Amino acid sequence: MKKILIVDDNPDIRALLHATLELAQSFEIHEAIDGVTAVEIARSLKPDLVLMDIMMPGEFDGLEACRRIKQQAGDGEEAPKVLLVSAKPRDQVRQQLDEVGADLFMAKPFGPIQLVECIQTLFAQKT
């Protein structure tokens, strides 16, 4: 069963994403409320995918959390896929996405079908 870590400071968004993924497929779903917690959970959980908002309060945002999650994969260990989401248009964050190693970006708002299709595409990709 694939493990997914949902990271968003808004509890309503986390609940909506959780419910969408539960209905779509059999995933082991975990949640974090900020970037620091996401990095800590990713280190121990080793999720297959991190679904994370870019704009979050705290020590670091989703971009910095993505960078750290990608960097903490050990030798021979595959880093989790990271799907970043934001209300900012892709054009405003394109360079940053490449710099932090994000695998995919989705602009808000997006629908449940679009989300599930993006996740399936990421899981189908070979690294």
inquiry  = Can you compute the charge dipole magnitude of the chain about its Cα centre, using +1 on each Lys and Arg Cβ and -1 on each Asp and Glu Cβ, nothing else charged? Give it in debye, rounded to the nearest 20.
reply    = 300 debye
ask   = Once amide H atoms are placed 1.01 Å from N in the peptide plane, what residues at a sequence separation of 5 or more from Glu31, or on another chain, have their amide H within under 5 Å of its amide H?
value = Ile6
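Quick one: net charge around Met55, please, counting Lys, Arg +1 and Asp, Glu -1 for every other residue with C-beta under 13 Å from its C-beta.
The answer is -4.
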message = If I compute Cα extents along the principal axes in Å from the structure I just sent, which labelled value in [x] 34, 33, 26; [y] 52, 47, 19; [z] 53, 32, 30 lines up?
response = [x]
request  = Work through the residues other than Ile33 whose Cβ is under 11 Å from its Cβ and net out their charges, Lys, Arg +1 and Asp, Glu -1.
outcome  = -4
request  = Indicate the gyration tensor shape class of the range 69-127 (rounded, prolate or oblate), computed on the Cα atoms with a ≥ b ≥ c the square roots of the eigenvalues: a/c under 1.5 is rounded; otherwise a/b larger than b/c is prolate and the rest oblate.
outcome  = oblate
request  = Can you send over the solvent-accessible area of Ser26, 1.4 Å probe, protein chains only, in Å² to the nearest 10?
outcome  = 80 Å²
message = What figure, in Å² to the nearest 10, do you get for the accessible area of Asp103 with a 1.4 Å probe and non-protein molecules left out?
response = 60 Å²
For Lys2, distant residues with modelled amide H under 5 Å away = Glu28
inquiry  = Starting from 0.36 nm per residue, how many nanometres of slack lie between Val116 and Ala73 once their C-alpha separation is accounted for?
reply    = 13.0 nm
key: Highest average packing first - 87-96, 46-55, Cβ atoms within 10 Å   = 46-55, 87-96
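How high is the relative contact order of the chain? Use alpha-carbon pairs under 8 Å, at least six apart in sequence, and give a whole percent.
It comes to 22 percent, rounded to a whole number.
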ask   = Just for the chain, what percent of DSSP beta bridges are antiparallel, to the closest 5?
value = 0 percent
key: Gap separating the Cα centres of the range 104-127 and the range 1-73, nearest whole Å   = 14 Å
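The values are calculated or read from the model by the stated rules, or taken from the named source; none is laboratory data. Everything numeric here is computed off the predicted structure, so don't read it as measured data. Every residue, glycine among them, receives a Cβ derived from its backbone with ideal geometry; neighbour counts consider all protein chains shown. Side chains included, ligands, DNA and RNA excluded: accessible areas come from the protein's heavy atoms. Shrake-Rupley method; radii C 1.70, N 1.55, O 1.52, S 1.80 Å.
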